[in-house]
2 protein chains.
Amino acid sequence: MSQDHVQEIATIMRHPAFKVAIDRLGSDHERTIADIITLTEIPAPPFKEDRRASAYLAMLRAHGLEDVEQDEIGNVMGLRRGAGNGTLIVVAAHLDTVFPEGTDVTVRREGTRLYAPGVGDDTRSLAVLLAFIRAMDAAGIRTRNDILFVGDVGEEGLGDLRGIRHLFMNGRYSGKIDAFITVDSPQMDKIVVGGVGSKRYSIRFKGPGGHSFKAFGIVNPMYAMAHVVAELGRIEVPETPRTTFCASIVGGGTSVNAVPEDSWVDIDLRSESAEELAKLDLRCREIVAEAVARENATRSISEGAISVEIRTLGERPAGSTPKDADIVRYATAASQAAGFTPRLEASSTDANIPMSLGIPAIRIGSGGAGGRAHSLGEWIDVEKSASVSGMIAGLASIVAVAGLVDG
Amino acid sequence: MSQDHVQEIATIMRHPAFKVAIDRLGSDHERTIADIITLTEIPAPPFKEDRRASAYLAMLRAHGLEDVEQDEIGNVMGLRRGAGNGTLIVVAAHLDTVFPEGTDVTVRREGTRLYAPGVGDDTRSLAVLLAFIRAMDAAGIRTRNDILFVGDVGEEGLGDLRGIRHLFMNGRYSGKIDAFITVDSPQMDKIVVGGVGSKRYSIRFKGPGGHSFKAFGIVNPMYAMAHVVAELGRIEVPETPRTTFCASIVGGGTSVNAVPEDSWVDIDLRSESAEELAKLDLRCREIVAEAVARENATRSISEGAISVEIRTLGERPAGSTPKDADIVRYATAASQAAGFTPRLEASSTDANIPMSLGIPAIRIGSGGAGGRAHSLGEWIDVEKSASVSGMIAGLASIVAVAGLVDG
């Protein structure tokens with residue numbers, strides 16, 4: 001651990017202004033909880049984040065940010081001006097949840113626990129970003145860099161990180177962002193410094209189809225699909241860098257006495273390493289080609305041959321932030337100073353995009369506890385002391401990365 | 001070939017009344033085509049034959065049959081009284097198709113071809129039965145036996161022959177039927193005298209499920225399913241007696257980023273030989289056991305192991321009608337007299353049920369050509385001369401089996 005970074009965090013933590021900010025995080029705690037509930041109860045299904053985005057846009061404006069706007073892809077954002085040279089860091093939380101339209105998102109409170117789909121992943125973080133702004137303003141904290149606070153769309157599943165991808169690739173701030181922190185889910189026990197890349201595709205085999213008895217002997221897309229799934233299951237992948245595959249969903253066929261006309265499987269490939277992911281992807285495509293050739297050679301193509309179509313469902317770039325990068329060291333030191341012992345991990349988050357571009361990026365926690373993310377039983381704990389400790393760690397990290405301007 | 005049977009068919013063919021019937025089959029041809037189109041365009045998915053059954057019931061009534069009714073299982077039927085001692089023969093065609101609800105059943109006509117799902121299997125036969133009734137009536141043909149014309153349900157797939165099973169086992173005519181002819185699909189090149197037995201089951205593998213990346217390494221029911229399908233595809237079966245297998249429908253999984261909790265496949269096993277069917281069934285069950293053991297040995301069972309459940313979807317009895325039975329000899333002679341050279345074959349049809357009960361039963365063709373049954377590309381050819389020749393063979397068979405009463 002670099003002593004410089006530990007020292008800088010200690011300086012921030014001891015600073016009178018930061019102490020005012022800490023007090024404000026505490027005294028504002030009920031308001032933060034109220035914001036969590038308000039935002040959680042505005043549904044934000046995949047590709048349908050707009051209602052929540054509008055509400056969050058109004059909140060960002062009410063918090064006195066500049067250049068508050070919604071971009072072309074749906075992200076909402078506002079700038080907190082720095083004192084300095086205009087370099088920019090982004091602090092983001094994602095608007096979308098995994099839950100489809102119609103999911104009951106009413107928050108149920110039991111003691112210090114809040115239960116609702118999406119409450120922790122990632123709605124709490126949206127409210128925490130607002131608490132950070134209020135605390136900094138109350139304390140008169142000025143940073144060297146500008147901070148762009150973003151509520152982004154499309155982090156989950158088929159959203160494919162489209163919000164942050166747009167921000168970095170096509171948005172008005174594209175090319176101007178020097179560091180990226182996503183606050184995603186409550187857990188304080190890990191800082192994400194590796195972006196697990198993924199490739200997801202749907203592989204659909206088609207054939208002529210026919211009567212199961214009369215047409216017996218013709219090619220059957222089911223055997224091609226089964227070959228792919230069986231061979232996928234035999235691929236050897238390294239434990240480090242962690243690399244995984246999954247046959248996730250299959251379908252095909254309509255009648256028990258018919259050779260089906262199609263059969264498909266959706267697969268999910270992931271790796272912490274771009275190279276391993278590319279190898280896995282290549283092997284999969286080989287297997288698919290093998291499956292087609294094999295089935296067309298094994299059975300009759302007199303009525304037609306097996307064909308295949310591979311449709312991309314998602315593609316997230318792999319990447320990583322060096323463990324000795326300032327952003328990682330500051331976040332680690334801040335986390336430890338607030339009483340946590342975080343591990344450095346790899347995961348798939350909005351930070352994948354800047355990581356893949358070589359821009360320093362991490363994921364940190366929003367504080368407090370939580371569990372059952374992506375299930376209807378999702379919950380968070382908003383017990384005050386653990387929640388505020390988490391927020392202190394987060395705010396100290398942001399201030400350190402953005403540079404505290406003294407006086 | 002018995003000269004008696006050839007002689008009897010020749011007598012029928014030469015009979016002035018039968019010549020009138022033949023003329024009527026020809027002059028009615030456009031009406032028969034219209035009936036094929038009308039009936040084909042009324043969907044009759046498995047277990048949802050009711051709309052077509054109602055329409056066919058009205059048609060049977062309009063054709064002047066007696067005791068027109070729908071039985072408890074859904075078959076519709078009507079009696080054409082014979083002159084004689086009241087013994088009964090059944091002439092049937094099945095109402096159901098293999099196609100699920102929502103399938104486009106619009107008939108497309110190109111020259112003499114009609115394209116539509118179910119058009120040949122077995123909708124054409126329903127219209128041909130009506131043509132037979134009109135032709136016999138126009139010619140004043142009287143038969144010794146009563147003829148029950150039946151549009152039956154549940155011939156296909158999971159229907160498991162439930163319509164004809166009910167007719168023979170539980171219906172009001174149960175125990176009174178002396179012979180059975182099913183008119184099923186256009187092909188005139190074979191007469192079915194053997195009932196192919198079948199076993200159909202749904203094999204469902206279950207596992208713990210989990211996150212595709214975080215829980216990677218746990219058992220996945222998809223690989224067990226794929227093993228079964230891939231190994232099924234490798235089984236060697238004899239050409240004679242014809243023995244077949246088919247992986248027909250698969251499913252499982254809900255999210256691309258989750259190891260699924262289940263995966264299932266429906267398979268169809270058939271054989272002309274009860275012994276070969278039993279062997280195939282045994283091998284399948286071995287493969288299923290192998291698949292479970294293999295997956296539980298290959299990946300981690302820390303979160304739970306793979307289990308399997310085999311559910312029987314259908315079981316059709318094998319059976320046969322002796323090749324020297326009157327019904328076979330008459331149908332063969334009639335077919336030859338009309339210019340065809342039919343082979344005697346085994347298949348899985350409604351005739352399996354009476355065959356398994358020792359009641360003489362055959363399947364004959366409805367005439368004309370056709371192909372791609374059980375696929376969306378199904379078609380029939382309604383070119384007049386081939387169509388009428390086929391109908392002449394069918395009607396002569398029926399009249400011979402029912403006994404032509406002269407004068």
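Things worth noting here:
- For the range A:283-304, the count of residues that are within 30 Å of residue A:182 (Cα to Cα) and of a type outside the set (Lys, Arg) is zero.
- The residue of the range A:317-334 that is surrounded by the most Cβ atoms within 10 Å (Cβ to Cβ), among those that are in contact with a strand residue (DSSP E or B) (Cβ under 7 Å, 6 or more places away or on another chain) and of a type in the set (Gly, Ala, Ser), is A:331.
- Those residues of the range B:324-360 which are touching a Gly at 6+ places or on another chain (Cβ under 9 Å) and either among the polar types (S, T, N, Q) or over 21 Å from residue B:199 (Cα atoms) (or both), in sequence order: B:331, B:334, B:335, B:338, B:340, B:342, B:344, B:347, B:348, B:349, B:352, B:356
- When every residue of the range B:169-176 is checked against the conditions, none turns out to be touching a strand residue (DSSP E or B) at 6+ places or on another chain (Cβ under 7 Å), of a type in the set (Phe, Trp, Tyr) and over 30 Å from residue B:61 (Cβ atoms).
- The residue list B:248, B:263 contains one member that is within 30 Å of residue A:156 (Cβ to Cβ), touching a Gly at 6+ places or on another chain (Cβ under 9 Å), surrounded by 18 or more Cβ atoms within 10 Å (Cβ to Cβ) and modelled with pLDDT of 95 or more, which is B:263.
- Among the residues of the range A:164-191, the one identified as assigned to a helix (DSSP H, G or I) and closer than 15 Å to residue A:363 by Cβ is A:164.
- Qualifying residue in the range B:348-361 (condition: touching a Lys or Arg at 6+ places or on another chain (Cβ under 9 Å) and in a strand (DSSP E or B)): no
- Looking across the range A:23-40 at every residue that is surrounded by fewer than 20 Cβ atoms within 10 Å (Cβ to Cβ) and aliphatic (A, V, I, L, M), the one that is farthest from residue A:377 (Cα to Cα) is identified as A:34.
- The single condition among (1) surrounded by fewer than 19 Cβ atoms within 10 Å (Cβ to Cβ); (2) of a type in the set (A, V, I, L, M, F, W, C); (3) closer than 26 Å to residue A:96 by Cβ that residue A:6 does not meet is (3).
- Residue check for residue A:276: of a type in the set (Asp, Glu), touching a residue at least 12 places away in the same chain (Cβ under 8 Å), farther than 17 Å from residue A:204 by Cα and not in a strand (DSSP E or B): yes
- Matching option when the condition is touching a strand residue (DSSP E or B) at 6+ places or on another chain (Cβ under 7 Å), modelled with pLDDT of 95 or more, surrounded by fewer than 21 Cβ atoms within 10 Å (Cβ to Cβ) and of a type outside the set (A, V, I, L, M), among A:236, A:309: A:309
- Hey, residue B:44 surrounded by fewer than 21 Cβ atoms within 10 Å (Cβ to Cβ), out of contact with any strand residue (DSSP E or B) (no Cβ under 8 Å at 6 or more places or on another chain), of a type in the set (A, V, I, L, M, F, W, C) and in the same structural domain as residue B:166 (by TED's automatic domain parsing) or not: no
- Residue in the range A:351-371 that is over 23 Å from residue A:168 (Cα atoms) and among the basic types (Lys, Arg) present: no
- Some residue of the range A:303-315 being closer than 29 Å to residue A:262 by Cβ, out of contact with any Lys or Arg (no Cβ under 6 Å at 6 or more places or on another chain), charged (D, E, K, R) and not in a strand (DSSP E or B): yes
- Leading residue by the ranking (farthest from residue B:383 (Cα to Cα)) among those in the range B:198-212 that are buried (at least 24 other Cβ atoms within 10 Å of the Cβ) and touching a Ser or Thr at 6+ places or on another chain (Cβ under 6 Å): B:205
The values are calculated or read from the model by the stated rules, or taken from the named source; none is laboratory data. Remember, it's a predicted structure, so these values are computed and weren't measured experimentally. Cβ: placed from backbone, ideal geometry, glycine included. Neighbour counts: every protein chain shown.
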